[in-house]
Amino acid sequence: MLAELAALRDRVSGVLGCVLAGVDGLLILNDAGPGIEPHDVAAMAAATVGLSRQFGRALHQGVFQECTVRSTQGHFAVYSVGEWAVLAVRATEGLNIARLHLEARAMASRLADALPTNQWYAQTWPPS
């Protein structure tokens, strides 16, 4: 699975790194890139999901799927990976966001299929 995270950088120009985290903010897998604290990224991704879920509920728009933050020097995108995990992607400002969505959505689906189906994944996954 770590190879899957790393491959996103090859498939989408501008991707700097990504992490797989639980919705509780615990880090599962790390390919965040140099100079980035992956535990911080995992916690921010979980906070993004929490807030986004509240928007979905309050606005009657359904279940969280993804959120993208665009800043002056880059993007931060968070994708749902099943019910208990999220994929967080850090990218440059010049990123082709449509290409990222295409690749990351497919990757999130593959990761969801590979993860255990309960919230206690952090104790048992990834398998050794």
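The values are calculated or read from the model by the stated rules, or taken from the named source; none is laboratory data. Because the structure is a prediction, the values reported are computed rather than measured. Counting neighbours? That spans all protein chains shown, and the Cβs are built from the backbone with ideal geometry, glycine included.
At-a-glance table
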{"read-out": "Residue list for segment 74-94, filter: small (Gly, Ala, Ser) and either under 20 Å from Leu29 (Cβ atoms) or surrounded by 20 or more Cβ atoms within 10 Å (Cβ to Cβ) (or both)", "value": "Ala77, Ser80, Gly82, Ala85, Ala88, Ala91"}
{"read-out": "Boolean, Val63 is at pLDDT 95 or above and touching a strand residue (DSSP E or B) at 6+ places or on another chain (Cβ under 9 Å)", "value": "no"}
{"read-out": "The lone exception for Ser71 - which of (1) within 24 Å of Leu115 (Cα to Cα); (2) exposed (fewer than 15 other Cβ atoms within 10 Å of the Cβ) it fails", "value": "(1)"}
{"read-out": "Out of Phe55, Phe76, sole residue that is among the aromatic types (Phe, Trp, Tyr), modelled with pLDDT of 95 or more and not in a loop (DSSP other than H, G, I, E, B)", "value": "Phe76"}
{"read-out": "Where Val63 falls short, out of the listed (1) touching a residue at least 24 places away in the same chain (Cβ under 8 Å); (2) in a loop (DSSP other than H, G, I, E, B); (3) at negative phi", "value": "(1)"}
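Here's the yes/no breakdown for (1) touching a residue at least 60 places away in the same chain (Cβ under 8 Å); (2) among the acidic types (Asp, Glu); (3) touching a Pro at 6+ places or on another chain (Cβ under 9 Å):
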| position | (1), (2), (3) |
| --- | --- |
| Val23 | yes, no, no |
| Glu37 | no, yes, no |
| Val41 | no, no, no |
| Ser71 | no, no, no |
| Val78 | no, no, no |
| Val81 | yes, no, no |
| Trp84 | yes, no, yes |
| Ala91 | yes, no, no |
| Ile97 | no, no, no |
